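Working notes for the structure below.
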Amino acid sequence: QVQLVESGGGLVQAGDSLRLSCVVSTRTIYWYAMGWFRHAPGKERKFVAAIPWSGSNTYYAAPVKGRFTISRDNAKNEVYLQMTSLKPEDTAVYYCAAGEVFSEFTEAERYTYWGQGTQVTVSS
């Protein structure tokens with residue numbers, strides 16, 4: 001069974017940076033697209049970033065574009081989300097997702113496996 005475990009969340013101040021990590025327990029994530037989504041209190045789950053299996057492209061939600069960077073290390077079965085210039089509106093539980101996704105990378109329903117989430121809180 002594929003399991004995803006996120007880490008790296010925490011409480012930071014506006015303008016700070018954080019790096020989230022997601023370790024995937026499977027033989028290889030090579031063929032999986034990896035995504036990050038976030039769920040803020042009282043709001044719907046939102047797409048944050050995605051990287052296809054090839055790593056040739058990356059996709060970002062408009063609110064984070066230019067501030068967040070998604071990357072992957074297939075040898076380690078890990079995916080990362082580097083977050084810079086954090087804002088209070090980035091406060092949410094961040095979820096890592098994996099799946100055999102080849103299009104519509106921003107759609108949560110396309111991903112099969114999900115982690116338990118890691119809390120990111122940005123104070124003003």
Can you name the number of the only condition in (1) more than 14 Å from the chain's Cα centre (by Cα); (2) over 25 Å from residue 1 (Cβ atoms); (3) in contact (Cβ under 8 Å) with a residue 12 or more places away in the chain that residue 103 fails? (3)
Residues of region 13-23 being in a strand (DSSP E or B) and open to solvent by 20 Å² or more (accessible area, probe 1.4 Å), in sequence order, are 13, 18, 19, 21, 23
Of all residues in region 61-87 being open to solvent by 50 Å² or more (accessible area, probe 1.4 Å) and over 17 Å from residue 8 (Cα atoms), the one that is modelled with the lowest pLDDT: 75
Tell me the residue from 27, 38 that is under 19 Å from residue 61 (Cα atoms) and either of a type outside the set (A, V, I, L, M, F, W, C) or at pLDDT below 95 (or both), please. 38
Could you list, ordered by first residue, the pairs with Cβ atoms under 6 Å in which the first is in region 37-61 and more than 18 Å from residue 77 (Cα to Cα) and the second is among the β-branched types (Val, Ile, Thr) and open to solvent by 20 Å² or more (accessible area, probe 1.4 Å), at least 6 apart or interchain? 39/93; 47/106
Counting only residues that are buried (at least 16 other Cβ atoms within 10 Å of the Cβ) and either touching a Pro at 6+ places or on another chain (Cβ under 7 Å) or among the small types (Gly, Ala, Ser) (or both), region 24-41 contains a total of 2
Let me confirm something: among 14, 33, 40, which residue is in contact with a helix residue (DSSP H, G or I) (Cβ under 9 Å, 6 or more places away or on another chain), within 15 Å of residue 116 (Cα to Cα) and aliphatic (A, V, I, L, M)? 40
Mind listing just one residue for me: the one in region 1-12 that is touching a residue at least 60 places away in the same chain (Cβ under 8 Å) and of a type in the set (S, T, N, Q) and, of those, most open to solvent (accessible area, probe 1.4 Å)? 3
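The values are calculated or read from the model by the stated rules, or taken from the named source; none is laboratory data. None of these values were measured; they are calculated from a predicted model. Here the Cβ is made from the backbone with ideal geometry for all residues, glycine too, and neighbour counts use every protein chain on show. These accessible areas exclude ligands, DNA and RNA; they are computed on the full protein's heavy atoms, side chains included. Shrake-Rupley method; radii C 1.70, N 1.55, O 1.52, S 1.80 Å.
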